[in-house]
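Just below is one structure, and these are the notes that go with it.
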Amino acid sequence: KVNAVSHNEKHYLTTPIFYVNAGPHIGHLYSAVLADCLCRYKRLRGFKSKFSTGTDEHGLKIQQAAADAGKDPLVFCTEVSESFKDLFKTFNISYTDYVRTTEERHLRAVSHFWKILFDKGFIYKGSYEGWYSIPDESFLTESQITSSHDKNGNPIKVSLESGHQVEWMKEENYMFRLSEFRISLIHWLQEHPRVIQPERFHHIVLRWLEEDLPDLSVSRQRSRLNWGIEVPGDPEQTIYVWLDALINYLTVAGYPEEHADWSGVTYHVVGKDILKFHAIYWPAFLIASGLPLPQAIYVHSHWTANGLKMSKSLGNVVNPHEKSQRFTVDGLRYFLLRQGVPDTDCDYYDDKIVKLLNSELADSLGGLLKPLHRLEAINQCVRLTNGFVQRHAPWKLNRNDEHDLRCVFGILLQPVIPVLADRLLDRLSVESSERTWDDLAFLRKYKGGYCPFEGRALGPDTGVLFCRLDRLEAMKTSMKKII
Ligand code: ME8
């Protein structure tokens, strides 16, 4: 449906900020590509948009990774942060701001936010005693842990969710009155049934909220953790890395000064592993500080390799740079967006990519530029978008209409595969100023309107749109890995 959008509507999209304890993999790229696609789509519709990404650089985990690498923490963080930036550049992630939690503007935002919570009485000095997982930078209750053994057979406790070892922590620090927000959070979710998507995750959060919600420790003793932001007025304490990290969304919005335009129109893309932080802690912090809550939290599941979550700590990661050499940037973007399902985990293997790209990019989309038999053209339209074809009945169209449909596909595919879509539209002689959602208004021609693309000659030859990939090569690589 082509509806006009008021051109001053705003939209602020975010990715999680990524930990810099190791370089990026395909899972991180997936979050970024999902957010990028949503943002490009919003821009196509005429929304003003802000789109932020960046790196999460404080905390015990990073402090330890820098020490293991024998590097100064900031030097270490800068190197890894640059590798995320490089990746996003390669994959045409069209962010408007890249935030690092070690930046001065972020430090100001965090200190200000802390003072507001403290002055309102939501932070108090208390003592924390309980389980803590360093790799997850997360506090856990007794019901969230189980017994296990380490490599040497010694008994240890691990997190039920992540499998990471936990340790008992006992120290004096600052606590946030999270327990006071349980009912407000339930009301918020009940009044906004689409705020967490897909719906399955909305129910998961509501179920979590049925249980007791203890107050949250929001600082660590500086003697244990010095790589972080100091608690205002208490040099003995460092702010908990998750409170620090979540505030990045406000830093980019311009907090504490000019943030009102953006903080009310925020949409977060997050992996399911960090749902609790975004759907419970963050909204509670926001309510406490008197700021608006997010418009939506889009949750996605994980990429696995041989059934296990791809993660830096497990060492089973797929390197996106390496894969883009073989499948191209748009090939990999297309695969991630087409094959990734928000609700369930998806296993990665090369042969899956080859099959999908050959059938959908090389044959169907690539075929749009080949001279076609009349029936072939219809067949391709059917394969590309069944519903669209049903509505517009291309079998009733003449040759000019075929050209119109190719332009439609080109315009609609821009958020997903921007490079290929541009090439297709160049070849179809669609000017760059004619590639917005509003330019699709010509579809009304089928109800008696006029199409500006009608009868246009093709532009200069842009070559084969997407070359078929060799399946045999992919199979050989997978076999080698198995052997
Ligand atoms: O959690 N499949 O950072 P992070 C799909 N710094 N997505 C994956 C993935 C996988 N195998 N692995 C990671 C953090 N991701 C915090 C966030 S936000 C204020 C702070 C994606 O680097 C997924 O979206 O461990 C995950 O939530 C995100 O990368 C960040 O992972």
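The values are calculated or read from the model by the stated rules, or taken from the named source; none is laboratory data. Please read all numbers here as calculations on a predicted model, not as lab measurements. Glycine also receives a Cβ, built like all others from the backbone with ideal geometry; neighbour counts cover every protein chain displayed. These accessible areas exclude ligands, DNA and RNA; they are computed on the full protein's heavy atoms, side chains included. Shrake-Rupley method; radii C 1.70, N 1.55, O 1.52, S 1.80 Å.
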Query raised in the report: For the range 223-255, list residues with backbone N below 16 Å from a point placed 7 Å from the Cα of ALA67 toward its Cβ?
Result: 223-228, 238
Query - Protection-proxy order for peptides 219-227, 18-26, each taking the mean of Cβ atoms within 10 Å per residue, highest first - result: 18-26, 219-227
Query raised in the report: Contour minus end-to-end for LYS89 and ILE183, with contour as 0.36 nm per residue of separation and end-to-end as the Cα-Cα distance?
Result: 29.6 nm
Query - the range 5-160 - charge dipole about Cα centre, Lys and Arg +1 at Cβ, Asp and Glu -1, debye rounded to 20 - result: 800 debye
Report summary line: In degrees, nearest 10, the alpha-carbon axis of helix 26-44 is tilted away from the dominant principal axis of the alpha carbons of the chain by 60 degrees
Query raised in the report: By how many degrees, 0 to 90 and rounded to 10, does the Cα axis of helix 199-210 deviate from the longest principal axis of the chain?
Result: 10 degrees
Query raised in the report: Under 16 Å Cα-Cα from LYS157, which aspartates and glutamates qualify once same-chain neighbours fewer than 8 residues away are excluded?
Result: GLU129, ASP136, GLU137, GLU142, GLU167
Report summary line: Rounded to 0.05, the calculated FRET efficiency for the beta carbons of GLU161 and SER432 at R₀ = 35 Å is 0.15
Report summary line: Expected unfolding gain across ALA457-THR96 under the 0.36 nm per residue rule, minus the alpha-carbon gap, is 126.4 nm
Requested in this report: Pull up the cross-link candidates among the aspartates and glutamates for LYS120, meaning alpha carbon to alpha carbon under 17 Å and not fewer than 8 places away within one chain.
Outcome: GLU180, ASP215
Query raised in the report: Taking a 30 Å limit on the Cα-Cα distance, which of the listed pairs LYS276/LYS312; LYS312/LYS352; LYS50/LYS352; LYS48/LYS312; LYS61/LYS272; LYS89/LYS151 fall beyond it?
Result: LYS50/LYS352; LYS48/LYS312; LYS89/LYS151
Report task. Work out which GluC sites (Glu not before Pro) in the chain are exposed loop sites (DSSP not H, G, I, E or B, at most 16 other Cβ within 10 Å) and give the longest gap free of them. Result -> 259-430
Requested in this report: Find the accessible area per residue for the chain; the probe is 1.4 Å, ligands and nucleic acids are left out, and the unit is Å².
Outcome: 46 Å²
Query raised in the report: Taking R0 as 41 Å, what's the FRET efficiency between ARG224 and VAL419 from their Cβ-Cβ distance, rounded to 0.05?
Result: 0.30
Report summary line: The helix 374-384 Cα axis meets the longest alpha-carbon principal axis of the chain at an angle in degrees, between 0 and 90 and rounded to 10, of 10 degrees
Query raised in the report: For GLN190 and LYS151 in the same chain, what is the full-extension length gain: residue separation times 0.36 nm, less their Cα-Cα distance, in nm?
Result: 9.5 nm
